[in-house]
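Worksheet: one structure, shown below.
The values are calculated or read from the model by the stated rules, or taken from the named source; none is laboratory data. None of the values given here were measured: they were computed from a predicted structure. With ideal geometry, Cβ positions are generated from the backbone for all residues, glycine too; neighbour counts draw on all protein chains shown.
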Amino acid sequence: MLLHLSDLHFGTERPECIRAIQKFCIEQQPEVVVVSGDLTQRAKFREFLACKQFLESLKIPYFVVPGNHDIPLYHLWNRAFRPFGLYQLFFGSLENTLVTQHFYLIGMNSIRRRYHTRGSISLEQIQKVDQQLMQAPANKLKIIVSHQPFYTAKENHHLKDCPALGQFAIQEWGKHQLYALLHGHLHLVAVYDLNQEFELNLSQAVYEVHAGTAISSRLHKNIPNSFNVISRDGSFQHYFYDEQQQDFIAQI
Ligand SMILES: [Fe+2]
């Protein structure tokens, strides 16, 4: 089982949600915890430190990518010359791969210092991921993690934040058995099949998985805190925080 968290926004975290995730990890023992960006609210040292302490407390391998909140917004010198300085101090490389029992994870940095919220990927990144997908073990579910979504329903009006080369990238990666992309950013919860949405004529589905904010008090449209679980068979399950039970409950 893979636990997909996103948009933690440390600095605005809810301790009760943190406790509920710690309990979930003790009980369910996911093989990996993925965080699809926006670890912090304002890219401050104490926020990165709190995030690192939270992830270490789970005692499960974790896999993170940066979000647009993880580079400085107001500190212009740092934004220009070392936008990922604190992120890398705490979490190392911006783009990692990880092999677990059932999953092959590829992290991709979609954050550019010149953009405030918009995601961007380059042709070099598309080629690099192509190579990684081709070399991935055939018996694993191949999953890419990046912050901004590649697709969202039109009524959400957030297409402007999707990387311009996203559809082209899916056309390429879909030829190499890419199973799913995990994103955050919009604080929405959804699963789409990009093969259908982009009308790509691939031989299999490529799932686009959006996660809400797992622990932040910055809720979008009052959607409760949430996370996703991907089982070893590839099925998806959304969990939402229940204020009465003070626990994350699987959506039926
Ligand atoms: Fe974001």
Under the condition of being surrounded by fewer than 21 Cβ atoms within 10 Å (Cβ to Cβ) and in a loop (DSSP other than H, G, I, E, B), which residue from the range 34-55 is nearest to the ligand (Cβ to nearest atom)?
-> GLN41
Please specify each residue of the range 217-237 satisfying the condition of being on the phi > 0 side of the Ramachandran plot and modelled with pLDDT under 95.
-> LYS221, ASN222
Considering PHE84, PHE150, which residue is within 16 Å of the ligand (Cβ to nearest atom), more than 30 Å from GLN29 (Cα to Cα) and hydrophobic (A, V, I, L, M, F, W, C)?
-> PHE84
Flag if SER120 is at pLDDT 95 or above, within 16 Å of the ligand (Cβ to nearest atom), touching a Leu at 6+ places or on another chain (Cβ under 9 Å) and among the small types (Gly, Ala, Ser) | yes
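Rundown of residues vs (1) within 16 Å of the ligand (Cβ to nearest atom); (2) within 18 Å of the chain's Cα centre (by Cα); (3) modelled with pLDDT under 95, yes/no style:
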{"site": "TYR115", "(1), (2), (3)": "yes, no, yes"}
{"site": "ALA138", "(1), (2), (3)": "no, no, yes"}
{"site": "LYS154", "(1), (2), (3)": "no, no, yes"}
{"site": "GLU172", "(1), (2), (3)": "no, no, no"}
{"site": "VAL206", "(1), (2), (3)": "no, yes, no"}
{"site": "ALA214", "(1), (2), (3)": "yes, yes, no"}
Within the range 185-204, is there a residue that is under 22 Å from ASN68 (Cα atoms), in contact with a Leu (Cβ under 8 Å, 6 or more places away or on another chain) and at pLDDT 95 or above?
-> no
For the range 238-252, enumerate the residues that are on the phi < 0 side of the Ramachandran plot, loosely packed, with under 13 Cβ neighbours inside 10 Å and not hydrophobic (A, V, I, L, M, F, W, C).
-> GLU243, GLN244, GLN245, GLN251
Scan the range 56-71 and report the pairs whose first residue is touching a residue at least 24 places away in the same chain (Cβ under 8 Å) and assigned to a helix (DSSP H, G or I) and whose second residue is more than 10 Å from the ligand (Cβ to nearest atom) and of a type in the set (Gly, Ala, Ser), with Cβ atoms within less than 6 Å and a gap of 6+ or a chain change.
-> ASP70/ALA43
Quick one: in the range 165-208, which of the residues that are of a type in the set (Ser, Thr, Tyr) and out of contact with any helix residue (DSSP H, G or I) (no Cβ under 8 Å at 6 or more places or on another chain) is farthest from LEU5 (Cα to Cα)?
-> SER203
Hits in the range 187-204 - residues which are under 22 Å from the mean Cα position of the chain (by Cα) and either buried (at least 17 other Cβ atoms within 10 Å of the Cβ) or within 12 Å of GLN167 (Cβ to Cβ) (or both) = HIS187, LEU188, VAL189, ALA190, TYR192, LEU194, ASN195, GLU197, PHE198
Before we move on, is MET108 at pLDDT 95 or above, within 16 Å of the ligand (Cβ to nearest atom) and over 18 Å from ILE215 (Cβ atoms)?
-> yes
From PHE198, PHE248, grab the single residue that is more than 23 Å from PHE10 (Cα to Cα) and either in contact (Cβ under 8 Å) with a residue 40 or more places away in the chain or touching a strand residue (DSSP E or B) at 6+ places or on another chain (Cβ under 9 Å) (or both).
-> PHE198
